[in-house]
2 protein chains.
Amino acid sequence: MRWCRFQDKEAASYGIIEGDDVIAISGSPFEQYQRTGERHPLNSVKLLVPVIPPTFYAAGLNYREHVIESAAKRGEEPKFPPNADIGYRANNALIENGGAIVIPKDASEVVQYEGELVAVIGKRCKNVSEAEALDYVFGYTIGNDVSERRWQHGDRTLWRGKNTDTFKPMGPWIETDLDPATLTVAVRLNGREVASYRVADAIFSVQTFISRMSQYVTLYPGDVIWMGTDGAPENMKHGDVVEVDIPGIGVLSNPVVRER
Amino acid sequence: MRWCRFQDKEAASYGIIEGDDVIAISGSPFEQYQRTGERHPLNSVKLLVPVIPPTFYAAGLNYREHVIESAAKRGEEPKFPPNADIGYRANNALIENGGAIVIPKDASEVVQYEGELVAVIGKRCKNVSEAEALDYVFGYTIGNDVSERRWQHGDRTLWRGKNTDTFKPMGPWIETDLDPATLTVAVRLNGREVASYRVADAIFSVQTFISRMSQYVTLYPGDVIWMGTDGAPENMKHGDVVEVDIPGIGVLSNPVVRER
């Protein structure tokens, strides 16, 4: 099943995508909902970020090649994360499929994409085992963890390196009933494939993260967990278009603009 | 003006505290609201966390003595933050005034309070100067940035060191029309004063943080900024009661329980 959030007159509404149509629902996909009689052609609606998370989690380092390449660029030895210690991103930075990634005037040239699988939590959970963890996932979407590397490594925190407005494209929608371990992620920059990896190669799986997180924190419906990326990203510049493609979910596509 | 959020039958409602009464409002204090005819004695209502922030910001290191003492305990030289680089905390960890801080079974003994001023954003802002920054503050409340130091320093991120469920008491209410620079913060452990400092001694002020943050991120109504703490906190143990007192706002009081 494919869920979206879209602009419905003045308000944001959740909808179900069936074929080329969006069926508006009342209520929330995370609680009770009912299909309404309202049906729109998909290409006529403005899709929004598919969920605004109560808490926005991100794995950060979670693929070996990415850890190795990132460390090499800084002239350091790679340090693989010993445990599934989750990190955070911020809602201000979220933009929808098609929205512009806006690079601030004073950013360096080293502004990079990171194409990622995103797990969306469906049910409140605490103290769940790895075996049952995926039962608490509502579905999956796609994220681009845009990063300004000078700020990422130079500031005391990741605030503007990772969370500058527009640096977190997410969408275009949420697909349910997927096995994350079977998925692949590809990134294209202006149509040229610049990354391709298997989700199954992650150091820690979706279920490992959810189970470990839930030993200490309660996960809530709508929380998102960005699963990290593999490989060594390239820089993006004004005029580029970056696409993250996860077959089985869809394509998250965003243009890049540098502020003058 | 004193704003609270309270349990009103099945739902959470905002209210205005006048004397010993809570006047329920319809709508939101951050948008349009109207007083309803509903009035309850303050001591008869269950107060909730006064706002659930879209983004939960925290300054972390922002007072010299705290930086010096924390570094000394780790046998390191103090490193003062060179810029107002904001960090994050997570909503799952929020509890209300009176709620129990629950220390997990496997936590170390080094679980400590940090009494803090909290600024609550009232209006969307981007690119504001320090001179105008406080115009975007709705009011102030109190936070206790409970921290398990072994996890804080041993994990790759602050996730469970700072954001274990119940580790972020906030409340009891929001007071508007205050000058943060005139405020003092005291912490009492079982009635004994264990910390006392002036907000004006912060390395970076509320307006410095808001102005700098707003150069890169949009702040939204309801966002909270926890301003950091001064001094060297002590450990808390099962059976303790910890109070953070900011005269002009109120007292945030929470019991401490260790899971068996």
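Read-outs throughout are calculated quantities, based only on the coordinates presented, and are distinct from any laboratory measurement. Just so you know, these numbers come straight off a predicted model, no measurement behind them. Note that each Cβ is placed from the backbone with ideal geometry, even for glycine, and that neighbours are counted across all protein chains shown.
At a glance:
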read-out: 5 angstrom amide H check on B:ASN83, placed H, neighbours 5+ away; value: none
read-out: Calculated log₁₀ intensity ratio I(q)/I(0) where the Debye formula runs over C-alpha points of the range B:189-236, q = 0.15, 0.17, 0.22, 0.24 Å⁻¹; value: -0.58, -0.68, -0.87, -0.94
read-out: Amide H contacts under 5 Å for A:ARG5, placed H, 5+ residues apart; value: A:GLY15, A:LEU48
read-out: Under 5 Å, built H, 5+ apart or other chain: amide partners of A:SER196; value: A:VAL187
read-out: Table column - 3J(HN,Hα) (Hz), the range B:146-156, Karplus curve with 6.51, -1.76, 1.60, x for Gly and Pro; value: 4, 9, 9, 5, 5, 5, 4, 9, x, 7, 6
read-out: Members of B:LYS123/B:LYS162; B:LYS9/B:LYS46; B:LYS105/B:LYS237; A:LYS105/B:LYS123; A:LYS79/B:LYS79; A:LYS168/B:LYS168 lying beyond 18 Å, as alpha-carbon distances in this model show; value: B:LYS123/B:LYS162; A:LYS105/B:LYS123; A:LYS79/B:LYS79; A:LYS168/B:LYS168
read-out: Exercise: per-residue mean of other protein chain Cβ atoms within 10 Å, B:157-170; value: 4
read-out: Estimated 222 nm signal from helices in chain A, with DSSP H stretches of n ≥ 4 weighted -39500 (n - 2.57), rounded to 500; value: -3000 deg cm²/dmol
read-out: Residue-count net charge about A:LEU61 - beta-carbon cut-off 10 Å; Lys, Arg +1, Asp, Glu -1; value: +2
read-out: Percent of beta bridges antiparallel (DSSP, the protein assembly as shown, rounded to nearest 5); value: 85 percent
read-out: Under 11 Å, Cβ to Cβ, from B:VAL242 - net charge with Lys/Arg +1 and Asp/Glu -1; value: -2
read-out: Trypsin sites (Lys or Arg not before Pro) lying in DSSP loop within the range A:61-136, provided at most 16 other Cβ fall within 10 Å; value: A:ARG74, A:LYS79, A:LYS105, A:LYS123, A:ARG124, A:LYS126
read-out: HN-Hα J in Hz across the range A:255-260 - Karplus 6.51, -1.76, 1.60, θ = phi - 60°, x for Gly and Pro; value: x, 10, 10, 9, 4, 9
read-out: Spread of Cα-to-Cα distances over 5 Å intervals beginning at zero, given as percent, for the range B:1-47; value: 5, 24, 39, 24, 7, 1
read-out: The range A:87-183, relative contact order [Cα under 8 Å, separation at least 6], %; value: 38 percent
read-out: Inverse mean reciprocal Cα-Cα distance (Kirkwood Rh) of the range B:45-122, Å; value: 15.4 Å
read-out: Per-selection Kirkwood Rh - the protein assembly as shown (Cα, Å, 1 d.p.); value: 23.9 Å
read-out: Average partner coverage of B:208-218, which counts Cβ from other chains inside 10 Å; value: 4
read-out: Percent of alpha-carbon pairs separated by more than 29 Å within the range B:49-258; value: 17 percent
read-out: Per-residue HN-Hα couplings for the range A:226-235 [Karplus 6.51, -1.76, 1.60; θ = phi - 60°; Hz; x = Gly/Pro]; value: 7, 8, x, 10, 10, x, 10, x, 9, 7
read-out: Cβ neighbours within 10 Å from other chains - mean over A:87-96; value: 5
read-out: Tail beyond 23 Å, pair distance distribution of the range B:1-144 (Cα, percent); value: 51 percent
read-out: Contact order relative to length of the range A:48-122, as percent, for alpha carbon pairs under 8 angstrom and 6 or more apart; value: 35 percent
